[in-house]
Structures are given as C-alpha cells and as structure tokens.
Amino acid sequence: MCVVAALLSGEYQPMKDSIKDAHQGEYQTIPQAIATAPGRFHLIGEHTWFFKQKTLSMAVDLPVFAAVSKREDQSLHMYFTQIDDRKKCNISSLKLKKEDRWANAIKAVIYGFTSGGFELGGMDVTISSEILPSAGFGITTAIKLSVAIAIRKVFDLKCNEYQLLQVVERGNRLFLQIENYNSDNYSALFAKKGCFCVTDHFKNRVENIPNPFTENKFFLIDACVPRISLWNQETLFEPENALLLGDLRERKAGVFGGWQYISDVTDINETLSEVSEDTRRKLLCMIREHSDTMEAIVALEKNEFCRFARAVNHSHESLRDFYDLSCPEIDWLLKRVYELEPNLENIHDPVTCGRITGKGFGRCIYTVVRPQDVEVLHQKLNEYERIFGFKPSCYEVHSADGAHLVEG
C-alpha cells in the first residue's frame, strides 16, 4: 500500500524547497520560476467528448512541480528528480522520441509556444512528482501546464490562460500527434479547491461546482493490473455516429447545458437500427453516460449523496456491460466497495460508490466512502493482493486548485 503523506498535507513549501534544491544541485543555478499543477481524475463522462457531452472531473492534491531557468545557449536540459532521469536536446530541433517518455511532454509545450510565434531560448527544466506519469491520474497534463506557466514567467511572455491552452493543444496535436482533451486541460488549469469541474464540450467551457460531500473520503486506487489493448474507442468516433446521437437530442429548459437525449426507447432503437450491434451498444452507453453525468451534477447541486452514488455506480455498470471497459480485478474491487453498505438490501440509497476511471482500458478506480469504512477498505485491498497477486496503490485525495506559479 502506497501512502503519499507529504502530498496530502496541503503544504507546498517543503516540495517547493525540495525542487529548488534539486534544480540548483543539477544545474548550479537557482530556478527563476517554480510552478505547480494538480493531478486529476475524471469521475464520469470522460469518454463522451466526441459527442459534445459533459465530463465531471476533480483536480487533486497529487501535484507536479516544475522549475525553470534560462541558459545562455539554445539547449534544453530536463531532469526528473524522483527517477533521476536526464534528457537534453536543442530548442530549434525538437524531436519526438519514444524513449524520452516524460520529456516529450516538456518538448511538446515548448513546440506549442514556438509554433505560436513566441520566442524562447535555451533553458534548464526540473520536474518533481511523487506519482509517475505511467500511473495516470493526470500527471502528464500536470507536467505540461506547470512547465507552461513557469516558462511564461521566465521569458515574460504575454500569454493569458486561454492562450496557454492553445499552446498545450498545439503541442498535443502537432508535436505529440495525439488528441487534445479539453476536460484534462480545463480541470488542471481552472480547478478550484473544494470543487468539482464540469467541462461542457458543446459550449467549450468549464464550471466549478462546490463539493458538498466534505465528510466523505475520496480514494484513487491503482489496481496495478497490466494494461492491455482490448478496446479502441476511436472506432466509435465517426461523424455518422455523432449525427445519429445528434438526432436523439432535444432542447430542455432548466437542465444543465440546455439539452438532453430523448427518453423514448422506440425512437432510440429506430434511430440506432442502421448501425452494427457493437456500435449500437456503445452509442447506448454514451446516452446512458450523459444521463448519469447530469444526475451526478444535480446531486452535487442538491447535496444528495445517494443520488450521486447511484449515478456513479450506474455509469460503471454501463461501461462494463455496454462498452466492455473493465476487467475481473477491477470489478472485484468495486464489488467490495459496494458491500461496505451495511444493509445490502437497500441498494437504492447507497452510502458508497466507485467506478473505473481513465480513457481507454485503464487499471485505476476511484471510490467515495464514509470515514468509518476506510479501515475495511484497506483490509479489502490486502485481500485483493492475496487473491490476484497485484499490489495496489491507494491514495486518499482532496480537491486542489488549478495550475499556478508558486515562486518567480
């Protein structure tokens, strides 16, 4: 069981001092700017961006720190403290290299600046994160945004937050040649402590909703199941599928975002009858996911945890049954979470919830439990290790502010 106590204290000063010392020890110079960005997980809706739906996210106190200082030449030197790994290249000849892994995120940000007309020089960059990018939890996005904010300060760039998002997007699409997910970037940049982030992909905006469930405990659990490629969500992202779901929308005053999917099962089945059975099931999952996301948002606004938990649990069921997006190990863990309910017959008003999290076939889940359930949850994780042979990592997390400068 991994516990990152220092990260959960809410005190950034020790980590800021640590990366400052590491930077000075590596480059023999004091960093000119230090920035931080939070980790993140998506509670619900992360697979629906292509269909212009909504994503509910939470920025959490698993921070990444980036320290930057100028060089006199055009070289880029990069150092990741926790893994004692170093990379270097030239600012004017950035290349995507598979072996550079975490360093590619930094190069993508620099490419995003220079391709947008911003002038940069050589620099030394130090990264510090107790959670490695391979674990997920939004760490790669946090690297990009913390580096971007530190670079903006060091080179005195006239670049507001929305231009920073464009920098990251250019780096993602043009350098890394990957999709750019607004919900990833928005939650890392605009999050407010004590809130959840709702990204509206149709209106291209983000809104912070206060978390009313302050007495509940939030945990991220890396089940450490080997990642395998059983599923490719890109096969669903075709214009004709978006048009089909668009035909099933109706404007609805008084609901978040101003629209919802129609509820008539006959009309839904008729509209989706022209696609394959596999595609139909996945599109049905998207419809169900939107409904669950809206339920979760309303539950937050009305402080109704049972309603929120039902939406989260139902979302996992949809991803498991309609999208085949789970595995026996994760389902076992979540079943143990649901069993924390003292009265298993009262499933309509759950006191716990949990769901797989991450785009694609992940190995992580999040759970929301009562304080009195924490000890039992850890016992179940130990049992999981004995049964499946995988040693899970468990992090209690709290909401955090978005990326910002901490020194410079």
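From the list Thr214, Thr199, Thr266, exactly one residue is among the polar types (S, T, N, Q) and either under 30 Å from Ala105 (Cα atoms) or touching a strand residue (DSSP E or B) at 6+ places or on another chain (Cβ under 8 Å) (or both). Which is it?
When all the criteria are applied, what remains is Thr199.
Got at least one residue in the range 215-233 being open to solvent by 60 Å² or more (accessible area, probe 1.4 Å) and part of a helix (DSSP H, G or I)?
Within the range 215-233, not a single residue is open to solvent by 60 Å² or more (accessible area, probe 1.4 Å) and part of a helix (DSSP H, G or I).
Sort through Val337, Val406, Val374 and tell me the only one that's in a strand (DSSP E or B), over 26 Å from Arg280 (Cα atoms), in contact (Cβ under 8 Å) with a residue 40 or more places away in the chain and β-branched (Val, Ile, Thr).
Among Val337, Val406, Val374, only Val406 is in a strand (DSSP E or B), over 26 Å from Arg280 (Cα atoms), in contact (Cβ under 8 Å) with a residue 40 or more places away in the chain and β-branched (Val, Ile, Thr).
Would you say Val255 is over 20 Å from Tyr323 (Cα atoms) and either open to solvent by less than 20 Å² (accessible area, probe 1.4 Å) or out of contact with any strand residue (DSSP E or B) (no Cβ under 9 Å at 6 or more places or on another chain) (or both)?
Yes; evaluated as a whole, the condition is true for this residue.
Out of the range 304-323, which residues are open to solvent by less than 10 Å² (accessible area, probe 1.4 Å) and in a helix (DSSP H, G or I)?
Once the filter is applied, which keeps residues that are open to solvent by less than 10 Å² (accessible area, probe 1.4 Å) and in a helix (DSSP H, G or I), the range 304-323 yields Phe308, Ala309, Ala311, Val312, Ser315, His316, Ser318, Leu319.
Collect the residues in the range 261-289 that are within 16 Å of Phe237 (Cα to Cα), part of a helix (DSSP H, G or I) and not acidic (Asp, Glu), keeping them in residue-number order.
Leu272, Thr279, Arg280, Arg281, Lys282, Leu283, Leu284, Cys285, Met286, Ile287
Kindly list, by first and then second residue, each pair from a residue in the range 145-164 that is more than 19 Å from Ser187 (Cβ to Cβ) and open to solvent by 10 Å² or more (accessible area, probe 1.4 Å) to a residue that is outside any helix (DSSP H, G or I) and among the small types (Gly, Ala, Ser), limited to pairs with Cβ atoms under 8 Å and residues at least 6 apart or on different chains.
Lys153/Ala33; Lys153/Ala35; Lys153/Gly408; Val154/Ala33; Val154/Ser69; Val154/Gly408; Phe155/Gly121
Can you name the condition, by its number, that Thr140 falls short on among (1) open to solvent by 30 Å² or more (accessible area, probe 1.4 Å); (2) outside any helix (DSSP H, G or I); (3) under 23 Å from Tyr366 (Cβ atoms)?
(2)
The rows are residues; the columns are (1) among the basic types (Lys, Arg); (2) without any contact (Cβ under 8 Å) to a residue 24 or more places away in the chain; (3) farther than 19 Å from Gly408 by Cα; (4) touching a strand residue (DSSP E or B) at 6+ places or on another chain (Cβ under 8 Å).
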{"residue": "Ile30", "(1), (2), (3), (4)": "no, no, no, yes"}
{"residue": "Glu46", "(1), (2), (3), (4)": "no, no, yes, yes"}
{"residue": "Leu56", "(1), (2), (3), (4)": "no, no, yes, yes"}
{"residue": "Trp102", "(1), (2), (3), (4)": "no, no, yes, yes"}
{"residue": "Ala105", "(1), (2), (3), (4)": "no, no, yes, no"}
{"residue": "Gly112", "(1), (2), (3), (4)": "no, no, yes, no"}
{"residue": "Phe137", "(1), (2), (3), (4)": "no, no, yes, yes"}
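The values are calculated or read from the model by the stated rules, or taken from the named source; none is laboratory data. The model shown is predicted, which means the values in this text are computed figures rather than measured ones. Ideal geometry is used to build each Cβ from the backbone, glycine not excepted, and the neighbour counts take in all protein chains shown. Ligands, DNA and RNA are excluded from the accessible area calculation, which covers all protein heavy atoms including side chains. Shrake-Rupley method; radii C 1.70, N 1.55, O 1.52, S 1.80 Å.
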